[in-house]
Amino acid sequence: MLSLLTHIGRFTLRQLSEMGRMFLFLLAAIFLAFRPPAKIGLIIHHIKTIGVDSLSVVLLSGFFTGMVMGFQGYYSLRKFNAESWLGSAAALGLLRELGPVLSAFMVTGRTGSAMAAELGTMRATEQIDALYSMAINPIKYLVSPRIIAGLIAMPLLTAIFDVVGIYGAYLVGVGLLGVSSGSYFSGMESSVVFNDVYSGFMKSLSFGLIITWVCCYKGFHAPPMATGVSQATTESVVLSFVLILVWDYFLTSVML
Amino acid sequence: MIRVVDVHKSFGGQQVLKGVNLNFTTGKITTIVGTSGCGKTVLLKHLNALLLPDRGEVLVDDIDITKLRQKELYAMRGRFGVLFQGAALLDSMTIFDNVAFPLREKTRMGEPEMRKKVEERLDQVGLEGMGYKYPAELSGGMKKRAGLARALVMDPEIVLFDEPTTGLDPVLATGIHQLIARTQQAFGFTGVVVSHTIPQVFEISDYVAILADGVIEEAKPTKEFQASQNPVVQQFIKGEIEGPIRVL
Ligand SMILES: Nc1ncnc2c1ncn2[C@@H]1O[C@H](COP(=O)(O)OP(=O)(O)OP(=O)(O)O)[C@@H](O)[C@H]1O
Ligand SMILES: [Mg+2]
């Protein structure tokens, strides 16, 4: 019994100190991002990598999510004879919730895991030590630009996801199920307000931060061996998913 | 002058350094030898505070670098050039960019001047015309040489070489030794060399120290070291199985 308690206590302490370290890591990265010289070239490079890597999966998943929403929305709305509201239902669902969350999942799987693996490999092959030895702060050089790039790229990808999704729902609703095209868009126009777009934007922004932060942290501190890198990659994806969902709940509840 | 005073270091339960005392004379080359896995790389990484000791001090010009604040520490590290055992080239960029990297990040040198300097260093290590390749496209020995070019490109005051010739053919090993000796004479840096290339490395060393069982067993000017009657030194130089160093 006592040993169980010690176990729980030790586990909690370890988790707490890990959380503290993660938080300090983020603070350092943000602080260093504002210290000149700014790494504009690197930031653009990482925006390009995140964008190019994730664009195809975001397009594909956005399109299919939209089409599914077309079917599901039509099915639910028809029970109330409200098929003409399909456009607004799809747009609200995508803009407020599914767009930010699903595209964040896609980016985590596609780019976040690669980030963790890359930094983990750099740790294992002493490249991070080499940066230190050249008097270059690896957090400023490796982490800060990735976090800023995540903050910029994530809302853009989410916007693409939203647009493609709305178009997918339109194809199904209007093309297949016979909702009128005019009511699809006019319903959307009359019910979507600025706050819907804004809350989706804030979500995607914070998800961009969560993904790059968690994945960089896990990669940066990976144990220096092959299994360490693979473990860091897995952990970074799982932790990102969990944090995205928890933070999503929190934001939804405050911004409703 | 770099002085290592009573440095202890453990990883988990494993004691690697058990009170190392060693001085490195300014403007001279000191070679550290010792069996594989005895802690030479660990000791080397203490010299520019990539690792911090559990106990003890590392003094560079009488400043204890284990207690420096971040800013001073970075300034201190800027005085060092390091060749890592695995070269540790940044694999996202070409060899040329790797060697140019410290110049780009740490100096305001103009592009043409920088280009000239990088190419000169690449020539010196026998990598002329290879600058466009990525680290993954090079052999182990070529990576080593590119790492050497990077370590020397900033004309550092102190250079740490972790096994500069391991994995090179004998001719090239001699070439690299000569390069180290030549640049040392030209720039007068303080050199610390970890090497298994015995006895060739003695030709460029002013002092030799042997690390055994977590302490410096013997540290002497090269001639005296080679003549030392210490059984550990004798066994190591001759590569004998029988003796105080326990292997296998
Ligand atoms: N970061 C680390 N974490 C845990 N153990 C380590 C770490 N670095 C080194 N060690 C351990 O310290 C010991 C000494 O390692 P070190 O790399 O210094 O050996 P070495 O003398 O350089 O050997 P070699 O000649 O093969 O390069 C090894 O047993 C190694 O397992
Ligand atoms: Mg070593």
Candidates A:D196, A:D129, A:D162, ranked by Gaussian network fluctuation over chain A, Cα under 10 Å, top entry: A:D129
Charged-residue dipole, Cβ positions (Lys, Arg, Asp, Glu), region A:59-255 about Cα centre, Debye nearest 20: 60
Range in chain B, longest, excluding exposed trypsin sites (Lys or Arg not before Pro) [loop by DSSP; at most 14 other beta-carbon atoms within 10 Å]: B:109-245
Sites B:E203 and A:I152, calculated FRET efficiency, Cβ-Cβ separation with R0 51 Å, nearest 0.05: 0.35
Eligible aspartates and glutamates near A:K140 by straight Cα distance, threshold 20 Å, same-chain separation 8 or greater: A:E118, A:E126, A:D129, B:E72, B:D91, B:D97, B:E105
Charged-residue dipole, Cβ positions (Lys, Arg, Asp, Glu), the protein assembly as shown about Cα centre, Debye nearest 20: 600
Span from the region A:20-62 Cα centroid across to the region A:155-227 one, whole angstrom: 18
3J(HN,Hα) from dihedral phi, region B:81-89, Karplus parametrisation 6.51/-1.76/1.60, rounded to Hz, x for glycine, proline: x, 10, 9, 7, 4, x, 6, 6, 6
Coil-residue trypsin sites (Lys or Arg not before Pro) of region A:1-79, DSSP, other Cβ within 10 Å capped at 14: A:K79
Under 23 Å from the Cα of B:K117 - lysines, other chains or at least 8 residues apart: B:K106, B:K133, B:K143, B:K144
Global form of region B:108-207, assessed from the alpha-carbon gyration tensor, a/c cut-off 1.5: oblate
GluC sites (Glu not before Pro) restricted to DSSP loop in region B:52-152 with at most 13 other C-beta within 10 Å: B:E128
Shape of the protein assembly as shown, Cα gyration tensor, a/c cut at 1.5: prolate
Derived scalar couplings ³J(HN,Hα) [region B:151-156; Karplus, 6.51 cos²θ - 1.76 cosθ + 1.60; whole Hz; x for Gly, Pro]: 5, 9, 5, 8, 6, x
Rounded if a/c under 1.5, otherwise prolate or oblate - region A:1-138, Cα gyration tensor axes: oblate
Lysines whose Cα lies under 17 Å from that of B:K45, excluding same-chain neighbours fewer than 8 positions away: B:K9, B:K18, B:K67
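Values in this text are rule-based calculations from the coordinates and carry no lab data. Computed from a prediction, not measured in an experiment: that's the story for all the values here. Backbone-built Cβ (ideal geometry, glycine too); neighbour counts: all protein chains shown.
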